[in-house]
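A.B. asks: Take a look at the following structure, please.
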Amino acid sequence: SARSNQPPQAVGRFRSSFRRQSYQVQRKPSNPLTRKSSTRKNKVTVGAQFRTSLKQLTVALTAAEPHFIRCIKPNQAKKPFCFDSNLVAKQMKQTGLVETVRIRKEGFSYRPSFTDFIHAYQGIAFPYTVKVASSLRNCFAILNKAGVTCWHLGKTRVFLKYYHEDQLRQCLSDHHQWAILLQAHWRRIMARKRLELLQAEASRVKREARDFCNWILATSESTLC
């Protein structure tokens, strides 16, 4: 037969070329699929965008100091300059605002750290020129000097009532008055020095102008003679 008459080398080359062509034919349709998969990987999905925006929002909230504000309606009709006391009291009770105020009033609402407390009220017990360490002993000295009662000291913070801040500021009111008085005296001294300099400059200009006028008169008289 025609197949039996072909040499074995030709048959081997034919088989190898046939296998190579069939392998290439099998690989060709896989290229579009790989391209689609690569484009799918590069494409940003809606879930990824939402995750990214949520992460950015979390970072912004962590860096800031958010405050929660309770909105209370003054009246049901939403009219300006109309205040319904019964409606407002009902809303405050239902939202727990009255209970929150009571708890904050009975507890320690003002809780500064040792560093912030000493930085704010150092002048009550220590001079401002001295560097005071942020320790429990120094905080105790300031509170004892101010005559404040019903306070507690923790490991890193001072626990004070809501009215203690006003008492501590009242102790520093004299310091503020002295500071204002010193600033006024300093401004007066600087203004007096500036006035003396201006007066000396004005007298110098007058003297030079007088000398110049005398020189003009002298030269004119000499020329006439």
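A.B. asks: Could you state the accessible area per residue of segment 71-174 in Å², with a 1.4 Å probe and every protein chain left in place? Provide the component values of the computation, followed by the final result.
C.D. replies: Numbers: 7400 Å² over 104 residues.
Value returned for segment 71-174: 71 Å² of accessible area per residue.
A.B. asks: While we're looking at this one, here's another question. When a/c reaches 1.5 or more, the comparison of a/b and b/c decides; with that in mind, is segment 125-173 rounded, prolate or oblate per its Cα gyration tensor?
C.D. replies: Working: a/c = 2.10, a/b = 1.13, b/c = 1.86.
Here segment 125-173 falls in the oblate category.
A.B. asks: Given a 1.4 Å probe and every protein chain left where it sits, what share in percent of the accessible area of segment 77-225 is carbon and sulfur?
C.D. replies: Roughly 60 percent of what the probe reaches on segment 77-225 is carbon or sulfur.
A.B. asks: For the cross-link pairs LYS93/LYS161; LYS73/LYS161; LYS105/LYS155; LYS131/LYS155, which exceed 25 Å when the distance is taken from alpha carbon to alpha carbon? Let's see the in-between values first.
C.D. replies: Details: LYS93/LYS161 23 Å; LYS73/LYS161 30 Å; LYS105/LYS155 23 Å; LYS131/LYS155 21 Å.
From the list (LYS93/LYS161; LYS73/LYS161; LYS105/LYS155; LYS131/LYS155), the Cα-Cα distance tops 25 Å for LYS73/LYS161.
The values are calculated or read from the model by the stated rules, or taken from the named source; none is laboratory data. Predicted, not measured: the structure shown is a model, and the values here were computed from it. All accessible areas refer to the heavy atoms of the entire protein, side chains included, with ligands and DNA or RNA removed. Shrake-Rupley method; radii C 1.70, N 1.55, O 1.52, S 1.80 Å.
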